[in-house]
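J.: Pasting a structure here, questions to come.
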Amino acid sequence: MDRLTEEKKALAEKSVSRAEHIARRYARIYPLHEDELKSRATLGVVRAAASFEPNKNGVWKRWAGLQIRGEIKDYLRKLGPERCELATPEELSEIVDTSNETLDRESDDHFASLLKVLPKKQREICSLVYKMNMSPSEAGVALGHGARHGRKIHDAALKALRGKLEATGSG
């Protein structure tokens, strides 16, 4: 990477606190990787400054945020499956069983079968939400989506499950 001009260094320096803030948000989900996330966020700021062209990239704050999150997401993708394990529908039904003693085995099986009808993304989001006690927003970020998209996927999963329950006469 070429050396940064004084103007680009100033842009990078004023965005270091923003990079740390973004890294801390991801570190809440991946606490074991906090130091690496901070390093990647800082690298994102430097790369943003090096590649920033106001005529092409628009507003600096937006460009820097995209580059920071991009560096962090690239790192998380490289971690692969070790970053977090997702629950299977069977494990999820066991969690529901332990948290609510009134559910019997038949309803556990029904719940597990309902989750199986969901698309993969929705199953993964539900798994993180109900197994790892994440919010839908955190689950979305953990899976490489945005927070808002995580909430949308979770809402779609709940809507699909409600529809399935109503269609079977169980709800």
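J.: Scan the range 11-57 for residues that are in contact (Cβ under 8 Å) with a residue 24 or more places away in the chain and either outside the structural domain of Ile68 (by TED's automatic domain parsing) or small (Gly, Ala, Ser) (or both) and jot them down.
T.: If the condition is that a residue be in contact (Cβ under 8 Å) with a residue 24 or more places away in the chain and either outside the structural domain of Ile68 (by TED's automatic domain parsing) or small (Gly, Ala, Ser) (or both), then Ala12, Ser15, Ala19, Ala23, Ala41, Gly44, Ala48, Ala49, Ala50 are the ones that fit.
J.: Do any helices (runs of 4 or more DSSP H) lying entirely in the range 6-90 carry at least 1 residues that are over 14 Å from the mean Cα position of the chain (by Cα), modelled with pLDDT under 85 and more than 25 Å from Arg123 (Cβ to Cβ), and which ones are they?
T.: 54-57
J.: Name the pairs whose Cβ atoms lie under 7 Å apart, with the first residue in the range 72-86 and not assigned by TED's automatic domain parsing to the domain that holds Gly140, the second modelled with pLDDT under 65 and assigned to a helix (DSSP H, G or I), and 6 or more positions between them or separate chains?
T.: Close Cβ pairs satisfying both conditions: Leu76/Arg83.
J.: In the range 48-80, which residues are surrounded by 18 or more Cβ atoms within 10 Å (Cβ to Cβ) and farther than 25 Å from Gly150 by Cα?
T.: Ala48, Ala49, Phe52
The values are calculated or read from the model by the stated rules, or taken from the named source; none is laboratory data. These numbers were taken from a predicted model, which means no experiment stands behind them. Please note: Cβ atoms are built from the backbone with ideal geometry, for glycine as well, and neighbour counts cover all protein chains shown.
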